[in-house]
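Below is one structure, written out as C-alpha cells; the observations come after it.
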Amino acid sequence: MDDVCCRAAEAVRNAEALVITAGAGMGVDSGLPDFRGDKGFWQAYPMYERLGISFVGAANPEHFERDPAFGWGFYGHRTNLYRQTMPHVGFSLLMSWIERFRLEHFVVTSNVDGHFQKAGFADDRMLEVHGSIHHLQCTVPCSLNIWDNRETIPVDTHTMRARSIPRCISCKGVARPNILMFGDYGWISARTDRQEGRFEEFLDSIRGKRLVIIEMGAGTAISTIRHLSERLGCRKNATLIRINPREPQVDPPQLGLAL
C-alpha cells in the first residue's frame with residue numbers, strides 16, 4: 001500500500017491537469033448518510049423502512065405528480081441536510097493541490113449536494129451528471145426553465161411529508177428538484193448538458209498533457225462515475241487513482257487505494 005501511495009503522490013506531483021470524479025462515498029466524511037443497499041438507506045431513514053419503501057422507491061418522480069407532499073418530504077429533508085452540512089477537509093485538500101501545482105482541473109460528480117461549489121470549486125468547472133438539488137424545474141414540465149432552489153421546505157420527519165410545496169415559477173404547479181431520478185422521463189437536462197459541453201472543451205484543451213484522475217467514493221452499484229474514470233484513464237499520459245475503502249479494484253497500471 002505504501003508503494004501505491006507513493007506512486008499516486010508522484011503522479012499528482014507531476015500532473016499538468018486534474019479531473020476529480022466523485023460518487024456518494026465522497027459525502028460520508030461530511031456526515032451525509034450512505035445509501036448503500038436498502039439497509040443503509042433505512043438506517044438513515046427508518047421511517048421509510050416502516051413504510052416498506054427503498055431508496056429507489058423514495059427517489060421516484062411519480063411522487064411529485066401523485067402526492068407532492070410525500071415527494072418533497074424526502075427531497076425537502078435532503079435539501080435541508082445538504083444546506084446544513086459542511087464539506088469535509090478532503091475538499092480543501094484537493095483544492096490545495098490544484099493551487100500548489102497550478103493544475104488545470106474539472107470536477108465530475110454524481111452527487112446532487114452542491115458540496116464542491118460550497119467548498120470553493122468554480123461552478124464553471126463542474127459536471128453534475130445527475131443534476132443538483134439546489135435547482136428546480138416544473139414537474140409537468142410546462143417549460144424548459146431551471147431556477148435556483150431558494151425554498152424553505154419544513155418536513156415532518158415522522159410522516160416524511162413536507163409542510164409546504166415549492167411551486168413552478170411559470171405555471172404555479174408543483175415544482176421538483178432538477179435531479180435525474182429513477183425511471184425519470186421528465187428531467188430537464190439542459191443545465192447538465194451545458195456542463196457536459198464545457199467538460200468536453202476542457203478535455204480537448206488538455207489533450208497530450210499529463211492528466212491525473214482522482215476518483216473518490218464511486219461504487220459499483222451505479223457505476224456511471226467509475227466508467228467515466230476508466231475511460232479517462234485510457235487517455236495517453238493519464239493516471240487513474242481510485243480511492244475507495246470497499247471497492248478499490250482497478251486494472252494495472254492504474255492505482256487503487258483501499259482507503
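Across the range 45-67, which residue is surrounded by the fewest Cβ atoms within 10 Å (Cβ to Cβ) among those that are hydroxyl-bearing (Ser, Thr, Tyr) and in contact (Cβ under 8 Å) with a residue 60 or more places away in the chain? Checking each candidate, the answer is TYR48.
Listed here are the residues, each with its yes/no results for (1) surrounded by 13 or more Cβ atoms within 10 Å (Cβ to Cβ); (2) among the hydrophobic types (A, V, I, L, M, F, W, C).
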{"residue": "LEU136", "(1), (2)": "yes, yes"}
{"residue": "VAL140", "(1), (2)": "yes, yes"}
{"residue": "ARG150", "(1), (2)": "no, no"}
{"residue": "VAL155", "(1), (2)": "yes, yes"}
{"residue": "ILE179", "(1), (2)": "yes, yes"}
{"residue": "ASP193", "(1), (2)": "no, no"}
{"residue": "SER205", "(1), (2)": "no, no"}
{"residue": "ARG226", "(1), (2)": "yes, no"}
{"residue": "SER229", "(1), (2)": "yes, no"}
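Exactly one residue among GLU196, GLU215 is under 17 Å from LEU18 (Cβ atoms) and under 18 Å from the mean Cα position of the chain (by Cα), and that residue is GLU215. Could you list, in sequence order, all residues of the range 48-67 that are among the hydrophobic types (A, V, I, L, M, F, W, C), farther than 14 Å from ASP156 by Cβ and at pLDDT below 95? Across the range 48-67, the qualifying residues are ILE53, PHE55, VAL56, ALA58, ALA59. Answer yes or no: is there a residue in the range 188-195 that is in contact with a Leu (Cβ under 9 Å, 6 or more places away or on another chain) and assigned to a loop (DSSP other than H, G, I, E, B). Yes, the conditions are met somewhere in the range 188-195.
Only one entry of ARG78, ARG83 meets the criterion of being part of a helix (DSSP H, G or I) and either at pLDDT below 95 or among the polar types (S, T, N, Q) (or both), and that entry is ARG78.
Among the residues of the range 18-75, those that are of a type in the set (Lys, Arg) and over 18 Å from the mean Cα position of the chain (by Cα) comprise LYS39, ARG50, ARG66. Screening the range 41-67 for residues that are in a loop (DSSP other than H, G, I, E, B) and of a type in the set (Gly, Ala, Ser) and picking the one that is farthest from GLY173 (Cα to Cα) gives GLY52.
Residue-by-condition table, conditions (1) surrounded by 14 or more Cβ atoms within 10 Å (Cβ to Cβ); (2) among the aromatic types (Phe, Trp, Tyr); (3) at pLDDT 95 or above; (4) outside any loop (DSSP other than H, G, I, E, B):
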residue	(1), (2), (3), (4)
LEU18	yes, no, yes, yes
LYS39	no, no, no, yes
ALA69	yes, no, yes, yes
PHE74	yes, yes, no, yes
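Of PRO177, PRO166, all but one fail to be modelled with pLDDT of 95 or more and under 18 Å from the mean Cα position of the chain (by Cα); the exception is PRO177. Can you name the number of the only condition in (1) surrounded by 14 or more Cβ atoms within 10 Å (Cβ to Cβ); (2) not in a loop (DSSP other than H, G, I, E, B) that LEU93 fails? Of everything listed in (1) surrounded by 14 or more Cβ atoms within 10 Å (Cβ to Cβ); (2) not in a loop (DSSP other than H, G, I, E, B), LEU93 misses just condition (1). The residues listed here are GLY23, GLY27, GLY31; of these, the one that is on the phi > 0 side of the Ramachandran plot and touching a residue at least 40 places away in the same chain (Cβ under 8 Å) is GLY31.
In the set VAL107, VAL112, only one residue is surrounded by 17 or more Cβ atoms within 10 Å (Cβ to Cβ), within 21 Å of ARG78 (Cα to Cα), of a type in the set (A, V, I, L, M, F, W, C) and at pLDDT 95 or above; that residue is VAL112.
If you check PHE106, PHE121, PHE116 for being touching a Lys or Arg at 6+ places or on another chain (Cβ under 6 Å) and either closer than 30 Å to ALA238 by Cβ or in a strand (DSSP E or B) (or both), only one passes: PHE106. Check the range 150-173 and report whether any residue there is farther than 30 Å from VAL19 by Cα, without any contact (Cβ under 8 Å) to a residue 60 or more places away in the chain and not in a loop (DSSP other than H, G, I, E, B). Yes.
The values are calculated or read from the model by the stated rules, or taken from the named source; none is laboratory data. Values in this document were obtained by computation on a predicted structure and should not be read as measured data. All Cβ positions, glycine included, derive from the backbone under ideal geometry; neighbour counts span all protein chains shown.
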